[in-house]
1. Given the options Ala246, Ala214, name the one that is in contact with a strand residue (DSSP E or B) (Cβ under 8 Å, 6 or more places away or on another chain) and either of a type outside the set (Val, Ile, Thr) or not assigned by TED's automatic domain parsing to the domain that holds Tyr310 (or both).
2. What are the residues in segment 376-412 that are of a type in the set (A, V, I, L, M, F, W, C) and touching a strand residue (DSSP E or B) at 6+ places or on another chain (Cβ under 8 Å), if any?
3. Could you list all residues from segment 248-263 that are within 30 Å of Pro569 (Cα to Cα) and either small (Gly, Ala, Ser) or without any contact (Cβ under 8 Å) to a residue 12 or more places away in the chain (or both)?
4. Give segment 538-554 a look and list any residue that's closer than 26 Å to Lys221 by Cβ and either among the aromatic types (Phe, Trp, Tyr) or out of contact with any helix residue (DSSP H, G or I) (no Cβ under 7 Å at 6 or more places or on another chain) (or both), or say none.
5. Would you mind finding the one in Thr392, Thr347 that is polar (S, T, N, Q) and closer than 26 Å to Glu418 by Cβ?
6. Within the group Glu71, Glu39, Glu57, which residue is among the acidic types (Asp, Glu), in a strand (DSSP E or B) and surrounded by fewer than 18 Cβ atoms within 10 Å (Cβ to Cβ)?
7. Taking the condition among the charged types (D, E, K, R) and exposed (fewer than 15 other Cβ atoms within 10 Å of the Cβ), does Asp606 pass?
8. Contact list please: Cβ distance under 7 Å, first residue in segment 626-641 and within 25 Å of Thr596 (Cα to Cα), second residue β-branched (Val, Ile, Thr) and surrounded by fewer than 20 Cβ atoms within 10 Å (Cβ to Cβ), pairs at least six apart or on different chains.
Amino acid sequence: MSRSEEQRSVDVMDIYRMNMVSDPQVSPCGKEVAFVLTEVLREDNEYSSHICIVDVESHNVQRFTTGKMDESPRWSPDGSRIAFISERSGSRQLWVIPVGGGEARQVTDLSGPVMDPQWSPDGSRIAFVHEVDLSEEAEGDDCHGGYESNVRSYTRLWYKYNGEGFWDGKWKQIYCVDVEEAEPERLTDGEFDHSDPAWSPDGRKIAFTADRRAGADLDSKCDIYSVELTSKDIQQITDTWGPASAPSYSPDGQCIAFNGHNDTYASATSSKVWLVPADGSEEPEALSRELDRSMPGGLGSDIGRGVPKYRPIWSHDRESVLSIAVDKGAVNLYRISVEVGEVQAVTQGMRNLRFLSSSADGSVLAFVASDPTHPGDVHIFDVISGEEKQLTHVNSSVLCELEFSEPERFFCQNDEWEIDGWLMKPTDCEEGESYPLILKIHGGPHGAYGYSFQHHFQLLAAQGYAVLFTNPRGSRGYGQDFCKATHHDWGGGDFADIMAAVDYASSLPFVDESRMGVTGASFGGYMTNWIIAHSDRFDAAVTEVTTSNRYSQWGTSDYGHSNGKWEFPGFPWSNWESAKHYLERSPISYVEDMNTPLLIVQAENDHRCPLEQAEQLYTALVVLQRKVELVIVPDESHGFSRIGQPRHREERLVRISDWFREHLVGEV
């Protein structure tokens, strides 16, 4: 792997040089694609997003808006206007701009953010989601003696949520606004969250998702509903056992396709594309049942913005539905026959597809495609011809400067499972030399690694490390049985799978097994803690946004109370056997066996793996006089390594690099 004179190694500062594309939206005629381009501003320590339009034939890219945070572009049905969400007026509001030229016009001016805009079929109205504090609308006397109290009180289970903070008393409601009159009308009510608005083809109804039961917080159930615009009558379409999301009407309005699962294995359950009559007259049918993969599904990346909402996409003739799925580390597009449920791959390739939209007739699709050496660009796919085109090259200037390490795939056997893994050689790897190895462990445990771009991996390879990553049991992309195999077994088979991959990697001639490090975030942080408590093979470890005590995490995490539904045996206090299991599968129970130098990187506002989880581990290791350092990152939540303040992302990379350099290379 010799570097040309024009190329250089990946460095920390490249997080500022790489632009990110997201949310590509095909115009109704299929001739243009609007998308969001996000830049990282180091001096301002923030992100700037604006909407661009790329021509499908010429590939010419036009910067269409100039706001600092313009997102969620949505074409009007006739293609003459684009609705989008912008902060240019001070908060996230709905705006509309003519495509042919002219100024953007603000459509909403509500107290609080607007999200998920959807045009009506005739282009006269836009549905959207807005959060409302219903208690402010109720009459009542001031109960705080005339002053505005800042004391918070709660009676619901989901009183906090990672990335959003403590609940502010507001409920998501579906709204509709006439684009010309600009007077928003609320279509839903009640102390429930309503999301995912989708118009019926005749424009008379809007489908959405919600759980409108009393005690809705106690499980993950969510159903499809519809609201009639004139009467505001709400009809429940499904009555499922698990979550339902992203409803999509068939072209004739007779059926609704949606994503969901029956919650059989809680969060380990593979999602499917379902079909239900639009009037709710029959039970939903799992349309993608023949594919033993979670649909939709994808891979993460540390260079990327936006959270995709994968609505099933109908063919114009109503004979099939399109969606995406992850299969053994690769994400591709699949077609599902409505008549027989047959699932066929439409695209091929070892890469990661994110986001998905279509032209009005469903013949042209747009998505963002990335791979281990390309952060992501807008692609289109012609459904009829099968031809694919890359429309943008937003990082061409920086990518041509860089030398990357290509992951090399391998397989290893453990128990009855064949474990998928990848190994990246150092970018300056020379024949006959051996290099320290760093094991990276994904989160979840139902996440997955694969053919997506990971800047941190490339950075480690550029710094002279071999990088190992793998998909142990529990990972998505290998079928339902593999995904649910963490049942009551955290730190068991998954640990053995990972160590089998370590055994393979350490046997290779370019790997120096006397210098190995391990790191991971979230579940990867849990497994990092578990590994150094059960093995002395590693000389340095970094655990991020971590969990160490599964007993206490149950009640302090926003999502921890869900663990007992499948991953762990019920409530931790149910009986002594249950309590013992939580403690036996907690790394802190084995803290006296942790001798590996450990760096703990924790976000202060992390509600998924709260700060107390890191504090418990840190305090114990300090008392035991082990080599440990705790880094607390203020004003950040669980996913800050990907979406946090740019300077915090930079400092994280520097601190991790310094830790491994000190303990694996011997440099300070």
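1. Values: Ala214 fails: in contact with a strand residue (DSSP E or B) (Cβ under 8 Å, 6 or more places away or on another chain).
Going through Ala246, Ala214 in turn, the sole match is Ala246.
2. Scanning segment 376-412 gives Val378, Ile380, Phe381, Val383, Leu391, Val394, Leu399, Leu402, Phe410, Phe411, Cys412.
3. Filtering segment 248-263 for residues within 30 Å of Pro569 (Cα to Cα) gives 259-263.
Passing the criteria: only Gly260.
4. Filtering segment 538-554 down to residues closer than 26 Å to Lys221 by Cβ leaves 547, 550, 553-554.
Within segment 538-554, just Trp554 meets the criteria.
5. Thr347
6. Working: Glu71 fails: surrounded by fewer than 18 Cβ atoms within 10 Å (Cβ to Cβ); Glu57 fails: in a strand (DSSP E or B).
Glu39 is the lone residue from the list that is among the acidic types (Asp, Glu), in a strand (DSSP E or B) and surrounded by fewer than 18 Cβ atoms within 10 Å (Cβ to Cβ).
7. Working: among the charged types (D, E, K, R): yes; exposed (fewer than 15 other Cβ atoms within 10 Å of the Cβ): no.
It is false that Asp606 is among the charged types (D, E, K, R) and exposed (fewer than 15 other Cβ atoms within 10 Å of the Cβ).
8. Sorted first by the residue in segment 626-641, then by its partner, the pairs are Val628/Val622.
The values are calculated or read from the model by the stated rules, or taken from the named source; none is laboratory data. The model shown is predicted, which means the values in this text are computed figures rather than measured ones. For neighbour counting, all protein chains shown are included, and Cβ atoms are generated from backbone atoms with ideal geometry for every residue, glycine included.
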